[in-house]
Structure formats: C-alpha cells, structure tokens
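Notes follow the structure.
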Amino acid sequence: MRPNALAGWLLLAPALLLLGGLVVFPVLYNAWLSLFDKHAFLPVQRFVGLGHYVYFAHDEEFWNSFAHGLVYAGATLVLQLAVGIPTALLLNEGFRGRNLLRGVVLFPYVIPTIVAVILWKWLLNDAYGLVNHLLVASGVVRAPVAWLGKDWIMTSLVITSVWQFFPFVVVTYLARLQTIPPELYEAATVDGAGAWRRFRHVTLPQTRSVLFVIVLLRSIWMFTKFDTVWLMAGDGGVSRYIRTLPVYAYARSFTYLQAGMGAALAVIMFVMLIVATAVYFRVFERQEAMS
Amino acid sequence: MTRSPLVSRRHFLKATTVAAAGSTLLSRAPAALGQQVRELNVWHTEVEPQTVKTIQDTSIAEFERKFPGFKVKQQALGWGDLNTKLLASLAAGSPPDLTHLNPFMTASLYVKQLLRPMDELIRALGENDIHEATLKLQYFDGKYYGVTHAMGATYVCERRDLRDKKGIKSPETFDDMLKLCAALNEDGRHALQLPGEKLYIGFVHPAEWLASNGGTWVDANTWRPQLNGKAMLEILDYLQKLNRFQPAGWSGQKYLDTLAALSTGKIAMAHLSGARTIGYIEKYAPENLRDPEHFAPLLRPRGPSGKTGMTTLDGENWAVFSQSKYPNEAFEFLRLFYKKEHYMAYCHSVPIHLTPIFKSMLGDAEYLSHPRIKKWRPWHDVMITALRDKRLLPLGFTRAEDNALPFLAELDGSSIVADMVVEVMVGQKPPKAEADRAQRRAEELLTQLGHKRWS
C-alpha cells in the first residue's frame, strides 16, 4: 500500500470506527438477534432462523400495524405538505410582522413531543377539553365528540402530528423559495402569468428537488414515528386503533418480552424503507431525466 | 488608584484547595476512616410522598443507626414501571437488594432461581399472624419467597346516595349491575366508567371477571388458554351490554380521569377505585358530599357461572434476589420495616389502602384510631368483609394457583386480552369471533414462550 493511501486510511479510521460502532454494528446485531427466540431481559435464547419472519407474514397484528402506519404516514405527509407549502409561500411574501410570524410558526416543532401530545390530549378530552367545549357552545355538535375514542383517535393523532411537524416543511421549503431568482417571476409576470401560473411554472419546477427531500424524509420519519403515537394511546385500550409498526416492535420487545421478534420487526421496517426509498429515487431520477 | 485585594490570589487558591479536599474527605468520611460505605438499594411501589417520608424516618433511620456502614437508598416506582425496570436491572446483573414484586412475576423469577427464600423472616414476623390472603402467595416447594408489604383492594366506587334514592340494593350479579346502570344513567350523567388503560381492561379486570364467573386464564393441567371458553363468552356478553352506560370516549381515558369524573358528578360509578380514591374525593368532590354516605365502595358482582364476585388484592410482596449484594442486611431491614411502630406509621401513611397484613393489627385500637379510618370506616369494613369472605385474589390472578404460572407478565404485556375487550365493547364486534381470535393469539404466545403443555 502506498504511504499516502495508508495515511488516508489512518485518517479515516476514527470516523469509520465511530460509524461502524454506532451504525453498522447495531444494525447487524439487530439482524442477528432477529434469528433468535430471545427473552428481552433474561438470558434465555434459542435459534429459530427465519422463523420470526415467517410468523409475521401470517400475523394479523403485523398487517394491522402496517396498515395503520401507511394511513398515518400517508395522511400526515399529505397534510403537512398541504399546510406547510402555502404557509411557506405566505411567509416568503413581504408584510409587517413577517419575522415574528416566522418565529411563531416554528413553535410547534421546537416544543418537546411529550408536551405537544399532553397539550392536544387535554384540548381534545371529551370530558373537559376546550375543543369540545367550543364545538358544543357554538352549536356545531350537540354532544361532545370522543376525540380520544375508537372512531376519532387516528384523526386526533394525525392532527397532533401535522401540527407538530408541518413547520419542518415550512422552514425547508421557505429556504429554497428565498433562493429563486426574482427575475424569473418578473419575466413570468411580463408574459402575463397570474399567481397560479407563476406558482405552477416557476415555483414548482424550482422547488422540485427540495420537495423530493421533504417527501422522502418526512415519509420515512412519519412511518417510523414512535413517540407521538405511543404517547397518544400507547398504554390505552384504544392503542389498538393506531398501533403502527414501531409501536408493535416496541411492544414485542418490551411488553411481550420477545426481543428476537422485536428485532425482526425492526429489520422488516428497515428493508421496507430501503425498498421504498430506492423506488422513490428511481422515479425521481426518471422524471428529472424526462424534464 | 488600585486597591489591594482583601484576599490575595495565593490565599484564595490555598483556601479553595483546602476546602475542596476537606469536603471530598468529609463526604467519604467512613471510607477515609477505613470503613466502607455500603448502599442498600430498596425499590418499592408506594409513591405517595408521605409514605416515602415515613419509610425514611422510621425503618431507614433505625437501620442506618444499627448498621453505621450502610446507607439505605429507597426508590419509589409506579408499579406499572416496576416490571420493566426490575427485569432490566436483572439483565444488567445489578438488581436492587430488596424490592417490591408483583405476585404475577414471582413464579417466573422463582423458576429461574432468581429469588432467595425467606422462611426465617416469616417465622420471626409470626407465620400464624400473617393473613391467609397473602401468606402463601410466594410459597413454592415448601419455602416462602416473599412477604406482602400491605393489603389494599379494588372496588367499584359508587355514589351511594344516588343508588339509595332509587331504592336499589347493591348488585350481587352481572344482571343486577346492568339493572343498576340502567337506573343511574340519566340527566346527561353516565352510570359507569371503566379505566381505559390496557393494564386494567386487559389484565386486572378480566382476571376479576373470570374469577367471578368460574373461569380461569388457562387450564390448570395443560396451561391451554381459556379465552374463548363459556366463562369468558358470558363476560364479553356482559361487557358489551355494560358499554351502553359508559361515556363514548372511555377507552381513551385513564384511571384518574374516571375518579375526576366521579368526584365531579359526571358518572355515578367508577369501576376501578381503592382507598386512595378517598384522597381524590376529599380534594375534588363538592364539600357537602365528601363522606362515605355519598361515596362508598362496592364489591364486584358475580357472573352467571360464578359463585362469588372476586376483587383484586393490591399488595406487592417484598423479595430478595439471589444476586442481591447484601441479602442479610435486606432481611434485617425487613425486620425493622415490620416492627410494630414503624409498620403502624407506614400503614397510616395511606390509611385503608395500606391495610396491615397482620391479623392482630386489623382490629387494633391504635390502628383504627387514625382520623381517616374513623371517618371512612365503611371503606375499612368492606376490606375486612372481603378478607373474611375470601373475595380477594392477587392482581391478575383468576385463582390462587395462578401464582405458579410463569407467563402472566407476558400475557399482560401482549395486549391480547385488552384488544378483545375493546373490540367487543367499543367496536361492538361479536364476542365469539373476538374470543376465538384472542384464544389463537394467546396459544401462539404461550407456544413461542415455550409454555405449551397441551397437544
């Protein structure tokens, strides 16, 4: 090996060690663990090969959790974009109080998840919550809505999550909006384009790549979201109606005490996300090439 | 003009160094004097601040006087957190020296040889004086592996005045309960509310319902789950009817929400209460209603196939792990904990909720003289009635022999029973189909855990 290459490897070694120890090793260990029937805490384990994966292929709870995860990730992603992009467009305009509003919009994203969830559960409580009080007082509904009950718990979870995470879309999209040359808008305006056409033919093409990143990151993060879902109903009877795969994986590991099964679920989620990301990249690249 | 400092830099540095060294030495004084400071770690589930203080001021204070080289570190944990934390500490090889343990976990730990027997202690405390409801809960192969810290019970807490107004007797059967609920469901007030936590609707209450209806979690010999048996199907039918009298969002509410709803008149009965509820009533109920004439406990009704309504005995046991660093001192600590004056103070820290395990103390004038026990005497009397009539079973047990089942913690954690109950009650799904599904899941779980004994 040439001395330069050796020096290069030596310089890289600390980073490689950290990356290997903190990322690669846990992933590989988790995959290894998924091949065992292992108690979460006690030294009891038995090799079962791919048995857990075969089990989950037929496990109703797994497919229910998968479906809940898709609904949750899908609904929150669409709504975050639907709320976040118009907000970013608004905050990109010049008006009095814009800087203050930009700060206020960030607020939900910077408060801890536990606070956000407790706040929303308090607001939505059907016995003493403010939302029901306002709905009943204004005559919109006659009886309080059981927001935290079976029929509305997913909606409540989606509302809470969108409120908490749409600022990420705002900040990221706004950052890109601020770099679009104003000449493009001026030229479009001279050509007679109205607000919608300027958005469609200037803003959207210019922000495609950032939208790609936003959709990719937010869909991964929402699909693997644990804390918000768990805090909303993790220890409650209604958890059944919003149980997603990360919550199911946690339950298998720490309440069923089946660490091997929990590890298998983590591997399955990991593979799902890798595949989804690869497909998404491929589609994006194809569209980029076409455009 | 420059002023000379009051303390020179050299003096300041010298003084700081001496102070730092001195305080370091002082904090490790016993070690510096050749005496090693040892820490006795004690975990328990009584989180009320006055209980923690009582333990500190009584048993711990005396222990530390008697054993000067020891420092007792008590940690109060919510019992919902206890299992996970204990198992994690065991896995890490550093469990506490002395801990509370849920009786449904004891068998699983005993089987893995993780517990120390405590026969000598039990004999010293008075084997014949310990109430039969608790004495043999941790008794395996002729040895004792635990001793209950105190006894509490769970009840339905009712607005007694509302029932009296209707002229309805206390419900003995599931049918009586449904009739009572129908009568009390009026004026925008719901008759009943169950707690929404999985732990209660998926473990604690189902165990009570099964025990009250002649059912069990599993077959006694084969350990095959009995979730779709006659007893459970009757229970699910009852629950589906009971659901009509509850607020729509009950499954998303918690135990404390139900007590708030009861105290403020939104419901007529809270399905889960204990003597701790008294504190809640005294704080939040209208002032003219804060008495046992308005808020009273009801023992659980029995099902159509049951003989007696059974209720949960809320009483963790003290246990000493085989990995404990200071087992002898842990047993010494327990002797002091149960010393009469210390134990009396402990039981009085949350009266009635912490009912003494010693028969001789149950009618003791000093014990009964506590103002809260005097005022809320009917609550104490119901506890005594439940003990006398053998209507108490440890948390999560469907029969006394469940103490030998090494998988109740996993069954509790699995959500299998909670899912079934919620689907039948809230989802109004057919009981039989849901019971069959739960049965299939439970059989799979026990098979995975290696407890399958049926063919």
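Assorted remarks:
- Euclidean distance of C-alpha centroids, the range B:397-451 and the range B:134-175, integer Å: 22 Å
- Across the alpha-carbon set of the range B:54-112, the Rg to Rh ratio works out to 1.04, Rh being the Kirkwood radius.
- Once backbone amide H atoms are built at 1.01 Å from N, B:TRP223 has no partners under 5 Å, excluding neighbours fewer than 5 places away on the same chain.
- Cα convex hull of the range A:23-138 - mean projected area over all directions, nm²: 13.7 nm²
- Rounded to whole numbers, the Karplus 3J(HN,Hα) couplings from phi for the range A:262-268 are x, 5, 4, 5, 5, 5, 4 Hz, using 6.51 cos²θ - 1.76 cosθ + 1.60 with θ = phi - 60°, and x at Gly and Pro.
- Ordered by the count of other Cβ atoms within 10 Å of each Cβ, fewest first, B:CYS181, B:CYS157 give B:CYS181, B:CYS157.
- Between the amide H of B:PHE295 and those of B:ARG160, distances stay under 5 Å, these residues lying 5 or more places away or on another chain, with hydrogens modeled in the peptide plane.
- Each Cα pair of the range A:129-200 feeds into the Kirkwood radius, which the Stokes-Einstein equation turns, at 37 °C and 0.692 mPa s, into a diffusion coefficient of 202 µm²/s.
- Partner lysines for B:LYS432 [C-alpha distance under 17 Å; skip if fewer than 8 residues away on the same chain]: B:LYS230, B:LYS241
- When restricted to Cα atoms, the range B:133-211 yields an Rg and a Dmax of 17.7, 57 Å, respectively.
- Residue-averaged [θ]222 nm for the protein assembly as shown, counting only DSSP H segments that reach four residues, each worth -39500 (n - 2.57): -16500 deg cm²/dmol
- Dipole of the protein assembly as shown [Lys/Arg +1, Asp/Glu -1 at C-beta], most positive-end residue of A:VAL140, B:TRP79, B:PRO297: A:VAL140
- When the alpha carbon gyration tensor of the protein assembly as shown is reduced to an equivalent ellipsoid, the three semi-axes, largest first, read 49, 38, 30 Å.
- Note that chain A shows a convex hull volume over its alpha carbon atoms of 232 Å³ per residue.
- Its Cα gyration tensor gives the range B:384-455 an equivalent ellipsoid. The semi-axes, each the square root of 5 times an eigenvalue, are 25, 20, 10 Å from largest down.
- Equivalent-ellipsoid semi-axes of the range B:338-438, from the Cα gyration tensor, Å, largest first: 38, 17, 12
- Kirkwood's formula applied to the C-alpha pairs of the range A:58-101 gives a hydrodynamic radius of 13.0 angstrom.
- Listed from fewest to most Cβ neighbours within 10 Å, the set B:ASP237, B:ASP257, B:ASP381 follows the order B:ASP381, B:ASP237, B:ASP257.
- Per-selection Kirkwood Rh - the range A:219-291 (Cα, Å, 1 d.p.): 13.8 Å
- Residue-by-residue Karplus 3J(HN,Hα) for the range A:129-142, coefficients 6.51, -1.76, 1.60, Hz, glycine and proline x: x, 5, 4, 5, 4, 5, 5, 6, 4, 8, x, 5, 10, 8
- The convex hull around the C-alpha trace of the range B:175-306, projected and averaged over every direction, spans 8.5 square nanometres.
- Based on the Kirkwood approach, the hydrodynamic radius assigned to chain B is 24.0 Å, with every pair of different Cα atoms included.
- Looking at the range B:104-206, the trypsin sites (Lys or Arg not before Pro) that sit in a DSSP loop and have at most 11 other Cβ atoms within 10 Å of their own Cβ are B:LYS169.
- Taken over the range B:304-360, the percentage of Cα pairs per 5 Å bin, counting from 0 up to the bin with the maximum distance, is 4, 14, 18, 19, 15, 12, 8, 5, 4, 2, 0.
- 5 angstrom amide H check on B:SER273, placed H, neighbours 5+ away: B:TYR155, B:CYS157
- When the convex hull of its Cα atoms is projected in every direction, mean area for the range B:237-282 (nm²): 3.4 nm²
- Normalised by 2.2 N^0.38 Å, where N is the number of residues, the C-alpha radius of gyration of the range A:90-150 stands at 1.54.
- Between A:VAL27 and B:ARG65, the modelled label-to-label distance comes to 6.2 nm, taking each label 7 Å out from Cα in the direction of the beta carbon.
- Cα extents for the range A:164-291 along the principal axes, largest to smallest and rounded to whole angstrom: 66, 30, 21.
- Under DSSP loop assignment and at most 14 Cβ neighbours within 10 Å, longest trypsin sites (Lys or Arg not before Pro)-free interval of chain A: A:143-291
- Of the three principal axes defined by the Cα atoms of the range B:67-144, the extents in descending order read 35, 35, 23 Å.
- Point-charge dipole on Cβ atoms (K/R +1, D/E -1) for the protein assembly as shown, about Cα centre, debye to 20: 1500 debye
- Antiparallel bridge percentage (DSSP; both residues within chain B; nearest 5): 55 percent
- When each of A:LYS38/B:LYS254; B:LYS165/B:LYS375; A:LYS150/B:LYS283; A:LYS121/B:LYS266 is checked by Cα-Cα distance, pairs over 21 Å: A:LYS38/B:LYS254; B:LYS165/B:LYS375; A:LYS150/B:LYS283
Readers should treat all values here as calculations from the given coordinates under stated rules, not as data from a laboratory. All of these numbers come straight from a predicted model, not from anything done at the bench. For neighbour counting, all protein chains shown are included, and Cβ atoms are generated from backbone atoms with ideal geometry for every residue, glycine included.
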